[in-house]
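Below is one structure, written out as structure tokens; the observations come after it.
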Amino acid sequence: MMHTVTDAIYRDVPRNPRGQPNAMLRALYREHLADPRRQTTRQGLWIAVLVYVLFSISDLLLIPDVASITVTTRFIISAIMLAAMEWQVRRGGSADAIDATAALALVLAYGGWVSTALLTAQTEIMSYYMVFGAIFMMSIGLFFNFSFRLSLIASAIIVLLFFFALLSFPQDEQVYKLTFGIFCLSCFIFTSYVNWKLNHERYHVFLNALAAKARQVEAAERGEELLRLSNTDPLTGLANRRAIDATLRESWRKWQSAATPFAVFLIDVDFFKKYNDYYGHLDGDRCLVRVAGALRDLSTRHGAALGRYGGEEFIVVVGLNRDEDVAAFAEVIRGAVEGLALRHEQRRDGTATVTVSVGAALTKDGSAPRVEKVIHQADRALYSAKAAGRNCVKLFDPDDPNNSDDSENIAALLKIAIAQDLVSMVYQPVQDLSGGQTAAVEALMRLRMLDGAPISPSTFIPVAERTGAIIELGQWAIRRACEDILVRDKALVVSVNVSPLQLQMPGFAAWVALTLSEFGIGGDRLAFEITEGQDLEIQSSLLRCISDLKSLGIKIWLDDFGTGFAGLSWLRLIDFDCVKIDKSFLHGSGTSKGAVMLTDIVTLARNIGARILVEGIETEEHLALLHRLQVDLGQGYYLGRPAPVSTMRARMSGYARA
Ligand code: C2E
Ligand code: CA
Ligand code: CA
């Protein structure tokens with residue numbers, strides 16, 4: 001509606017100010033003015049009647065002989081017309097009808113007065129007194145806000161009455177009648193013209209005000225639309241990160257001022273990259289829209305705020321105050337997505353539908369000085385959920401070492417570790433169990449704090465992987481291992497642990513090739529250990545990287561075999577040169593069941609055709625057992641602890657090959 005009005009105004013106002021007024025606008029104008037018109041006409045008539053009645057005094061002074069009749073007429077007409085108008089007003093009569101009554105009152109007032117005043121014998125005086133007829137015309141045209149048509153009709157009747165009175169007036173002088181007639185006509189023309197002009201002006205003032213209002217509404221609508229767009233994620237229609245950040249801040253403010261607690265849930269679609277790669281981006285988008293829809297339904301039901309936080313990550317903010325409720329709500333979220341039963345055949349974890357991992361954090365007294373910290377906590381919880389095998393929910397647990405403040409300190413430390421010389425490498429021998437020689441050494445990273453205190457790799461490696469610092473540290477480790485061991489010929493082969501992040505880094509194999517040629521050493525002297533169970537999705541790019549490394553002669557070892565769920569499928573896809581059986585198998589071999597398990601896993605690895613290494617040899621019995629099982633290689637404290645290169649002797653000829 002507003003747009004059509006605006007269009008009409010723009011047509012009417014700027015281009016065609018004098019043109020035919022648009023009927024719709026006219027109607028709007030009349031409707032708009034109806035109430036004020038009723039008021040002004042009513043007020044105007046009361047004033048006009050008062051003045052009209054007061055003129056009884058001039059009747060008494062100028063035409064006393066007929067004053068009794070004129071004054072009575074004045075009172076009767078006034079009373080009748082006021083009563084008529086008041087009745088109309090009370091009945092809610094239209095402004096037009098009330099205006100017509102007022103105009104009729106003026107005509108009757110004039111007619112009543114002039115017809116009775118003419119009876120006077122004071123003809124001379126009356127000939128002057130008659131000039132007051134013009135006042136009636138002026139009040140019709142100028143005093144009231146009558147429409148042009150009404151004012152024209154009423155004034156014309158007065159002119160007619162005037163001429164009628166003039167002609168029946170017993171004053172014979174033609175000049176008098178002529179001048180008086182001309183005066184009256186000019187008054188009529190003049191007041192009618194001014195009335196027309198006033199009406200025109202009023203209408204245009206109204207149009208301009210309307211146009212201004214319409215422009216204001218349009219600007220506000222446009223502003224709202226822009227604001228909506230800038231706060232909406234175009235794919236899912238959910239609040240975008242910007243908008244949800246504002247919601248978070250608002251929740252945080254309430255928590256600070258009124259201690260109203262809230263929970264933050266970070267929701268990540270599991271194996272979404274795989275989904276995209278297999279089904280294509282269009283289906284990937286559709287999948288996100290479906291997940292967003294399920295989350296939206298659920299959020300609306302629970303009065304939660306929902307947004308898309310990044311690629312395949314969503315965020316929910318909701319007022320909750322107990323850990324149990326947070327856990328239950330996280331489970332509802334997870335279940336809602338699982339309930340969609342969207343096919344996802346490319347994941348290799350035994351599930352074939354789209355699922356989500358959920359990490360949640362709740363505001364707690366003294367738990368977080370800033371809102372970012374709550375998000376960070378939810379992010380940590382999400383990380384734990386993913387590490388726990390996905391399609392599960394985790395609440396932030398401050399007692400988890402990975403979630404402690406230390407982890408942030410470590411992240412900061414890792415950034416400066418290389419420059420400040422806080423990292424170093426130690427090497428642990430790998431023994432050929434058949435001949436007893438050192439077949440290789442494994443490079444293990446060490447980190448110490450600024451005060452020299454050591455930090456365990458099991459603490460800092462996960463942090464480095466999470467923050468991405470492992471890429472730089474990993475490259476540094478490879479270079480250092482090549483220099484320490486191969487350039488200085490301390491062992492024939494050095495095995496370096498590599499993180500999946502490194503293998504997924506584009507150009508990693510090329511970088512390794514360059515490093516080898518820089519040091520002038522052959523690829524066959526280097527082995528990379530990949531840990532089973534690490535967050536590694538087997539993608540074609542990863543397989544290509546491994547085959548590139550293999551073509552450089554580099555050996556690929558599978559570390560910690562038996563600890564993760566992916567090991568067997570990995571064995572099918574990757575041609576490992578060596579399988580390192582996790583130390584837990586050897587350490588558990590004291591029981592008969594444990595001994596069977598160790599035997600079974602050794603047999604399994606042997607059937608694959610890779611060399612077998614068992615780690616964690618701590619005693620002579622361990623070593624004897626592995627001899628009996630005819631395991632190829634062994635590693636452990638009993639054979640040699642990890643030590644810095646400075647304590648190692650140079651390699652003697654005759655070492656066996658790993
Ligand atoms: P891992 O690759 O399985 O390394 C073997 C771990 O077992 C080492 O712990 C080693 O010191 C320990 N170990 C060796 N022999 C024995 C034994 O007889 N008994 C027992 N109980 N333990 C033994 P460390 O050095 O603390 O390393 C822990 C983990 O950190 C490594 O496990 C590896 O996954 C990771 N890591 C270490 N250095 C690097 C690195 O340079 N890059 C990457 N990506 N990861 C590394
Ligand atoms: Ca290792
Ligand atoms: Ca290991």
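The values are calculated or read from the model by the stated rules, or taken from the named source; none is laboratory data. Everything quoted here is computed from the prediction, not taken from an experiment. FYI the Cβ positions are ideal-geometry reconstructions off the backbone, even for glycines, and counts take in every protein chain you see. Quick note on the areas: whole protein, heavy atoms, side chains included, nothing else; ligands and nucleic acids left out. Shrake-Rupley method; radii C 1.70, N 1.55, O 1.52, S 1.80 Å.
Computed quantities for the displayed model
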quantity: Search result, residues across region 359-399 that are more than 17 Å from Ala259 (Cα to Cα), of a type in the set (A, V, I, L, M, F, W, C) and not in a loop (DSSP other than H, G, I, E, B); calculated: Ala360, Ile375, Ala378, Ala381, Leu382, Ala385, Ala387, Val393, Leu395
quantity: Scan of region 524-544 for residues that are modelled with pLDDT of 95 or more and either open to solvent by 50 Å² or more (accessible area, probe 1.4 Å) or under 22 Å from Leu573 (Cα atoms) (or both), ordered by number; calculated: Asp524, Leu526, Ala527, Phe528, Glu529
quantity: Residues located in region 262-277, provided they are open to solvent by less than 30 Å² (accessible area, probe 1.4 Å) and either without any contact (Cβ under 8 Å) to a residue 12 or more places away in the chain or of a type outside the set (A, V, I, L, M) (or both); calculated: Phe262, Phe265, Asp268, Asp270, Phe271, Phe272, Lys274, Tyr275, Asn276
quantity: Residues of region 576-620 classified as acidic (Asp, Glu), away from ligand 1 (no atom under 13 Å from the Cβ) and over 16 Å from Ile530 (Cα atoms), total; calculated: 1
quantity: Verdict on Tyr309 being open to solvent by 20 Å² or more (accessible area, probe 1.4 Å), of a type in the set (Phe, Trp, Tyr) and closer than 24 Å to Ala352 by Cα; calculated: no
quantity: Where Met445 falls short, out of the listed (1) within 32 Å of the chain's Cα centre (by Cα); (2) outside any helix (DSSP H, G or I); (3) of a type outside the set (Asp, Glu); calculated: (1)
quantity: Residue ID - surrounded by the most Cβ atoms within 10 Å (Cβ to Cβ), chosen from residues in region 53-73 that are assigned to a helix (DSSP H, G or I) and touching a residue at least 60 places away in the same chain (Cβ under 8 Å); calculated: Leu62
quantity: Residues of region 326-340 classified as assigned to a helix (DSSP H, G or I) and touching a residue at least 40 places away in the same chain (Cβ under 8 Å), total; calculated: 10
quantity: Some residue of region 341-358 being among the hydrophobic types (A, V, I, L, M, F, W, C), in contact (Cβ under 8 Å) with a residue 40 or more places away in the chain and assigned to a loop (DSSP other than H, G, I, E, B); calculated: yes
quantity: Candidate set from region 346-370 (those that are modelled with pLDDT under 90 and under 30 Å from Leu571 (Cβ atoms)); member that is least open to solvent (accessible area, probe 1.4 Å); calculated: Arg347
quantity: Leu413 being touching a residue at least 12 places away in the same chain (Cβ under 8 Å), in a helix (DSSP H, G or I) and away from ligand 1 (no atom under 14 Å from the Cβ); calculated: yes
quantity: Pairs with Cβ under 7 Å, 6+ apart, first in region 567-592 and open to solvent by less than 60 Å² (accessible area, probe 1.4 Å) and within 16 Å of ligand 2 (Cβ to nearest atom), second at pLDDT 90 or above and of a type in the set (Lys, Arg); calculated: Asp577/Lys555; Asp577/Arg611; Cys578/Lys555; Cys578/Arg611
quantity: Residue identified as modelled with pLDDT under 95, surrounded by fewer than 19 Cβ atoms within 10 Å (Cβ to Cβ) and over 29 Å from Leu571 (Cβ atoms) among Lys386, Lys373; calculated: Lys373
quantity: Matching entry among Leu167, Leu160, Leu152 (being of a type outside the set (S, T, N, Q), at pLDDT 90 or above, assigned by TED's automatic domain parsing to the domain that holds Ala97 and open to solvent by 80 Å² or more (accessible area, probe 1.4 Å)); calculated: Leu160
quantity: Residue selected from region 600-631 under the condition among the aliphatic types (A, V, I, L, M) and open to solvent by 40 Å² or more (accessible area, probe 1.4 Å), by the criterion farthest from Trp570 (Cα to Cα); calculated: Ala624
quantity: Residue match in region 552-564 (condition: away from ligand 3 (no atom under 16 Å from the Cβ), at pLDDT 90 or above and either out of contact with any Asp or Glu (no Cβ under 9 Å at 6 or more places or on another chain) or small (Gly, Ala, Ser) (or both)); calculated: yes
quantity: Helices (runs of 4 or more DSSP H) enclosed by region 227-324 - at least 2 residues per element that are out of contact with any strand residue (DSSP E or B) (no Cβ under 6 Å at 6 or more places or on another chain) and of a type in the set (Phe, Trp, Tyr); calculated: 241-258, 272-279
quantity: Residue selected from region 456-467 under the condition surrounded by 14 or more Cβ atoms within 10 Å (Cβ to Cβ) and at pLDDT below 90, by the criterion farthest from ligand 3 (Cβ to nearest atom); calculated: Thr467
quantity: Selected residue (criterion: most open to solvent (accessible area, probe 1.4 Å)) from residues of region 480-503 that are touching a helix residue (DSSP H, G or I) at 6+ places or on another chain (Cβ under 6 Å) and part of a helix (DSSP H, G or I); calculated: Val487
quantity: Subset tally (residues that are closer than 21 Å to Tyr638 by Cβ and either out of contact with any strand residue (DSSP E or B) (no Cβ under 9 Å at 6 or more places or on another chain) or without any contact (Cβ under 8 Å) to a residue 24 or more places away in the chain (or both)) for region 598-624; calculated: 6
quantity: Selection within region 224-266 - more than 28 Å from Gly284 (Cβ to Cβ) and either touching a helix residue (DSSP H, G or I) at 6+ places or on another chain (Cβ under 7 Å) or not assigned by TED's automatic domain parsing to the domain that holds Glu312 (or both); calculated: Glu224, Glu225, Leu226, Leu227, Arg249, Trp252, Thr260, Pro261, Phe262, Ala263
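Conditions (1) in contact with a helix residue (DSSP H, G or I) (Cβ under 9 Å, 6 or more places away or on another chain); (2) surrounded by fewer than 21 Cβ atoms within 10 Å (Cβ to Cβ), marked per residue:
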site: Ala84; (1), (2): yes, yes
site: Arg91; (1), (2): no, yes
site: Ile98; (1), (2): yes, no
site: Leu106; (1), (2): yes, no
site: Tyr110; (1), (2): yes, no
site: Ser115; (1), (2): yes, yes
site: Leu119; (1), (2): yes, yes
site: Ile125; (1), (2): yes, yes
